[in-house]
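Following: one structure in structure tokens, then a few remarks.
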Amino acid sequence: MSNKLLLTSVMRPFGGPGEGDSVGAELFHAQVTRAQGPFSLRQVIRVWAIDYLAENVEAPTVTLHYPSKKELIRELRTGGYTHVGINFVVATFHKVREMVPLIRRYAPKAKIILGGYGTVLPDEVLATWADAICREEGVGFLRRTLGEDVTRPVRHPHAPIPSVQVLGFQLRAVVGHVTAGLGCSNGCDFCCTSHFFQQKYVPFSKSGRDVYESLLETRRRAEEEGTRMNGFIVIDEDFFLHRRRAREFLDCVREGGESLSLMGFGSVRGLSQFTGREIAEMGFDLVWNAFEGTNAGYRKQQGKSFPELYSELKSVGCGQLTSMIIGFPYQTEATIWSEFEELMALEPGLTQCLIYFAFPGTPFHEQVIAEGRYRRDFKRAPDLRRWDGFAMHFEHPSFEKPEAVEAIQRAIYEEDFKRLGPSPLRLARVWLTGYENLRNDPNPLLRKRAERLREDVRSALPVTTAAIAFAPSDAVRARARQLRKDIIRLTGALGPEDHVRSAGAPAMFLAARAARALGLGQQPGLLRTEHRHNGRDGAKSDEVFRLQGGAAAGLGRVLVEDVAENLRRFVAKRLPHHGREDLAPVTTKPQPMPRSLPLAPSPRPMRACGLAAEVEAAAAE
Ligand code: B12
Ligand code: SF4
């Protein structure tokens, strides 16, 4: 029988009882701008892992990004699949345990393959839920598993996501994506992806030209399909660390003469190898940079000082998403707040604060087990749903109650918002500075950048009106007023469209607040793509707006699903809820990164709880 492959993310809905409220399909809203209410940036991110896999095997393949249980069952029933691959992380392993019995029931002949960073869990926890486990670069693994040619080069898929939605306003443009490589050689003690690949870097793009041309190629395809692509995300743990490749990329951009708009990840160590102007020429408007903690002592923090680096980047219109970690053993409450002050002085456009925690396979995991530092309840039955950076798993020398760290984390997000305000305006301020400094620059590429930044800045005008009306503090209100004045002063008076949008923004704010409070339209929608199947090869660019859920995913269906889910949660809250499983090997035994588990000839036996879930699935039908 020839192979037919289904690749899927875990199922929606997210945020059910016992699940971390950060565990969803969005980066900004769930983790970064979570305290910013309706000002929060909304952008559902598809699971690029399954896009890379689908693009690079020969078998006909379907991908499902964020299906509901019903949608998954429909696909399994009708698809005739020989293999089903699931991407998951540790915090969504409970969803895998719900999905596997469905696969066994509705596609009983299909082999189940688990992949993604959830596979750092040991075989004794995972093996009964899978026929194969991929703990390496997945394209090679999947080709081997399907008996395909493993020597073909890896191709980048056309896998755009919707552009960011602000106050419910969705620009009809998409953002392109390229993963330049996996893993990282910096080897920070807690870092799952670095140790997943044994601190080695696995490049998908060996040259800067490949990165550049892949970006242009995905945009060309979007344009051919009649959709505007107004920026790109480059996934690579530390793009700038690969100096030769990044420099070649810069040469290509210079040669092309067009100002690109990019978001990417860069450590101080990597970024310090380039000047701010070079980073601006490459096209970076936003760089995710790790602040961690002043005394964290990681190699990646070495280079220019934070104030020097940030002011250099801001002066050319490059904003920062700055991530901080709390819960390091050296930190007391006072240390955390003084480090937070340093971070606030940098005025990042976006701030993320996570609690220090340990994934299996990392040196930090080994260390906390050796020191017996896991909290008692985590030793007995760890709640993997909270392996999300928003729960304190350890005893800490300076905090009698570990939960106190979680309270500080909440306070940090709130304080960040109260002081610096909505992120769209913080970023607009940086882009305005870039516009002001570069509009008469002798370098034509940077002058083009200035013009592009001017457009972005003007699109923030409506947000200033909403912020003046609904700011979390007087300081933020004053910032919003000043920004509005400066935008008008530097980029020109409001046109009729600006007036209409600015007048409508407070109403959009209230509508977004109500939808959130009622739990309506907050889940992602299903994106289904077909490859080498039914004459299709991937989704059309404008189909990706469905990911944003709400009206884009079919308002009637979304409302029915949301109301049913709200009711289910209302009932579930009133029932005793445990949610912890006996998964003690995760917190009691050191786990060096286990190896991949190839396909076994016959299915592995299901555990009792798997069968119970199967019965439940049948009942739910
Ligand atoms: C983009 C991203 C997201 C996006 C998209 C989610 C997604 N599932 O892709 C969003 C913002 C939604 C997200 C959310 C979360 N994320 Co996230 N995310 C990432 C990020 C930055 C990039 C992932 C990516 O797209 N890489 C590019 C693709 C091409 O590579 P890849 O994923 O590594 O896939 C390759 C292999 O791993 C393998 N593979 C992967 N899946 C499969 C499946 C099969 C069947 C096979 C055979 C192989 C295979 O093959 C691929 C090709 O080689 C990574 C960090 C990183 N740099 O990898 C974190 C990361 C995956 N996220 C992480 C976490 C913790 C989360 C959250 C729990 C955070 C939170 N606080 O809520 C949520 C969970 C959400 C959810 N529903 O699962 C952790 C996972 C750690 C772990 N061991 O569990 C990571 C590693 C970050 C970190 N360093 O801690 N995330
Ligand atoms: S620099 Fe970032 S990606 Fe690299 S090892 Fe450290 S935490 Fe991981």
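The values are calculated or read from the model by the stated rules, or taken from the named source; none is laboratory data. From a predicted model like this one, the values you see are computed outputs, not experimental measurements. Every residue, glycine among them, receives a Cβ derived from its backbone with ideal geometry; neighbour counts consider all protein chains shown.
If you go through region 196-230 and pick out every residue that is within 16 Å of ligand 2 (Cβ to nearest atom) and in a helix (DSSP H, G or I), you end up with 1. For THR351, the conditions (1) crowded, with 20+ Cβ neighbours inside 10 Å; (2) assigned to a helix (DSSP H, G or I) are fulfilled apart from (2). Here region 27-59 is the region considered, the condition is being small (Gly, Ala, Ser) and near ligand 1 (Cβ under 7 Å from one of its atoms), and the residue that is nearest to the chain's Cα centre (by Cα) is ALA30. Scanning region 165-195 for residues that are touching a helix residue (DSSP H, G or I) at 6+ places or on another chain (Cβ under 7 Å), farther than 18 Å from MET263 by Cα and more than 10 Å from ligand 2 (Cβ to nearest atom) yields LEU167, GLY168, PHE169, GLN170. Considering region 217-244, and only residues there that are surrounded by 16 or more Cβ atoms within 10 Å (Cβ to Cβ) and without any contact (Cβ under 8 Å) to a residue 60 or more places away in the chain, the residue that is farthest from ligand 1 (Cβ to nearest atom) turns out to be ARG219.
For region 250-272, what are the residues that are touching an Asp or Glu at 6+ places or on another chain (Cβ under 8 Å), of a type in the set (Val, Ile, Thr) and more than 18 Å from GLY434 (Cβ to Cβ)? Of everything in region 250-272, nothing turns out to be touching an Asp or Glu at 6+ places or on another chain (Cβ under 8 Å), of a type in the set (Val, Ile, Thr) and more than 18 Å from GLY434 (Cβ to Cβ).
Please specify each residue of region 200-217 satisfying the condition of being under 21 Å from ILE161 (Cα atoms), hydroxyl-bearing (Ser, Thr, Tyr) and in contact with a helix residue (DSSP H, G or I) (Cβ under 9 Å, 6 or more places away or on another chain). Matches in region 200-217: SER205, TYR212.
Of the listed requirements (1) touching a strand residue (DSSP E or B) at 6+ places or on another chain (Cβ under 7 Å); (2) closer than 19 Å to PRO598 by Cα; (3) away from ligand 1 (no atom under 13 Å from the Cβ); (4) charged (D, E, K, R), LYS109 misses just one: (1). Within region 295-310, is there a residue that is farther than 20 Å from ALA180 by Cβ, free of Cβ contacts under 8 Å to residues at least 12 places away in the same chain and not acidic (Asp, Glu)? Yes, there is a match, as at least one residue in region 295-310 is farther than 20 Å from ALA180 by Cβ, free of Cβ contacts under 8 Å to residues at least 12 places away in the same chain and not acidic (Asp, Glu). On the stretch given as region 15-25, residues that are surrounded by 22 or more Cβ atoms within 10 Å (Cβ to Cβ) and either over 19 Å from LEU547 (Cβ atoms) or of a type outside the set (Gly, Ala, Ser) (or both) total 1.
Hey, can you tell me all the residues within region 470-485 that are over 19 Å from LEU41 (Cβ atoms) and part of a helix (DSSP H, G or I)?
As a first pass, look at region 470-485 and keep what is over 19 Å from LEU41 (Cβ atoms): 473-475, 477-478, 481-482, 484-485.
Those that are over 19 Å from LEU41 (Cβ atoms) and part of a helix (DSSP H, G or I): ASP474, ALA475, ARG477, ALA478, ARG481, GLN482, ARG484, LYS485.
Evaluation of VAL287 against the conditions (1) within 16 Å of ligand 1 (Cβ to nearest atom); (2) closer than 17 Å to SER185 by Cα; (3) among the aliphatic types (A, V, I, L, M) shows that the sole unmet condition is (2).
Residues that are out of contact with any helix residue (DSSP H, G or I) (no Cβ under 6 Å at 6 or more places or on another chain) and touching a residue at least 24 places away in the same chain (Cβ under 8 Å) within region 148-160 comprise GLU148, ASP149, ARG152, listed in sequence order. Take PHE249 and tell me if it is within 16 Å of ligand 2 (Cβ to nearest atom) and either more than 24 Å from LEU350 (Cβ to Cβ) or of a type outside the set (A, V, I, L, M) (or both). The answer is no for PHE249.
Note on region 289-317: residues that are buried (at least 19 other Cβ atoms within 10 Å of the Cβ) and either under 25 Å from the mean Cα position of the chain (by Cα) or assigned to a loop (DSSP other than H, G, I, E, B) (or both) amount to 16. Quick test of your reading of the structure: ASN186 fulfils all but one of (1) within 13 Å of ligand 1 (Cβ to nearest atom); (2) at pLDDT 95 or above. Name the failing condition by number. Only one criterion is unmet by ASN186, namely (2).
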